[in-house]
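Encoded as structure tokens, the structure appears first; notes follow it.
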Amino acid sequence: AVRRAITGRIRDGRVVLSDLTMTDREIRDIGRICIVACGSSYHVGMVSKYNWERLLRRPVEVCLASEFRYCDPLVDDHSLVIFISQSGETIDTLAAMREAKRLGARVLSMNVVGSSIAREADDVLYTWAGPEIAVATTKAYSTQLVLMDLIALYLGDLLGTIEKTEYDTILHELEVLPEKLERVLASIEDVKYFASRYFNHDSIFFIGRNLDYAMGLEGSLKLKEISYIHSEAYASGELKHGTISLIEPGTLVVALGTYEPLFDKAMSNVVEVKARGAEVLALATEPFKEKMAHTADSVIAVPETHPVVQPSLGVVPLQLFAYYVALQRGCDIDKPRNLAKSVTVE
Ligand code: M6R
């Protein structure tokens, strides 16, 4: 799915978004960027906020669609509002989009062909992920994420906010991402083993900083959604501001340390929770696996890539962990209780 989302959008070392009708002038005129979505699509927005602000040097706000639609949003005709929705039918996202359009914003959506949101948006970028049957999204999340990276490169190039070498590196890493994802999928045994070791915990915390925090939000949602284990994701820096009181001997903490610029900080948070008796399952990039293993109880490693692209690799073991934990607990993975694939009522 990721290969399909990328293919055709990279040509001769450049991002080509022929489906985008915004003119260069309209792009240069953007004053404010908002990303509006629900659930996992919102989490794609959370990752993209870090990446877009870094690459575009513009403030990017991420809003829950259910909040945006009623908050009298500050958007106008210099705003670009991006609506991410796999189904394109989520009622809150659709209503939020109508509100943004009413206020004059330029509206870009990302979804499947022929949906209500796609029909009403000014611009649509399709993920080409194909239909997703399971309620819990995985391939939609992953394809939305790479598409957001491609848009950031496209806009950053046009706005002159990305260095050429960085542009080339990120683009190359996106091109080789499918192969790296295959490597992650080939090392599934590790994840299966940890799932069988930890599946009967009552409560699991995900901690991380920056892109790891944003990625942890999705890891945590996936786990609670299909395994029914209580789970929360926290920005590690917030631990001392309250959350750490929840850590007691044996609490499972999934410590995310794939964002290499802050790896040492991630390590010190592992030390902190270990000191309170937590059992730590860590995620790190291959070059940092050994270092992490000195402190964490167990480590899953993923291939290294550019930090902007790293969450696309890191999220896969988290998705698989949720899957195997749910399997161990005998849950109906494709159709978790109380949930529907597309939320068309408020
Ligand atoms: O179709 P959408 O992307 O608008 O759906 C939004 C959420 O309902 C959805 O991402 C939900 O959180 C997933 N089922 C989680 O796996």
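The values are calculated or read from the model by the stated rules, or taken from the named source; none is laboratory data. Every value quoted in this text rests on a predicted model; they were computed, and no experiment measured them. For neighbour counting, all protein chains shown are included, and Cβ atoms are generated from backbone atoms with ideal geometry for every residue, glycine included. We work out accessible area using only protein heavy atoms, side chains counted, and drop any ligands, DNA or RNA first. Shrake-Rupley method; radii C 1.70, N 1.55, O 1.52, S 1.80 Å.
Looking only at segment 208-221, decide whether some residue is open to solvent by 60 Å² or more (accessible area, probe 1.4 Å), in contact with a helix residue (DSSP H, G or I) (Cβ under 9 Å, 6 or more places away or on another chain) and part of a helix (DSSP H, G or I). No, that holds for no residue. Would it be correct to say that Ile244 is more than 30 Å from Arg3 (Cβ to Cβ) and in contact with a helix residue (DSSP H, G or I) (Cβ under 9 Å, 6 or more places away or on another chain)? Answer is yes for this residue.
Counted as qualifying within segment 47-142 are the helices (runs of 4 or more DSSP H) with 2 or more residues that are open to solvent by less than 60 Å² (accessible area, probe 1.4 Å) and near the ligand (Cβ under 9 Å from one of its atoms), namely 91-102. Looking only at residues that are over 13 Å from Met148 (Cα atoms) and part of a helix (DSSP H, G or I) in segment 34-46, which one is nearest to the chain's Cα centre (by Cα)? The extreme case among them is Ser40. Here are some conditions: (1) open to solvent by 40 Å² or more (accessible area, probe 1.4 Å); (2) in a helix (DSSP H, G or I); (3) more than 16 Å from the ligand (Cβ to nearest atom); (4) within 25 Å of Glu132 (Cβ to Cβ). Leu313 meets all but one. Which one does it not meet? Of (1) open to solvent by 40 Å² or more (accessible area, probe 1.4 Å); (2) in a helix (DSSP H, G or I); (3) more than 16 Å from the ligand (Cβ to nearest atom); (4) within 25 Å of Glu132 (Cβ to Cβ), only one is false for Leu313: (1). Take the conditions (1) part of a loop (DSSP other than H, G, I, E, B); (2) within 14 Å of the ligand (Cβ to nearest atom); (3) within 29 Å of Lys49 (Cα to Cα); Leu318 misses just one of them, which is (1).
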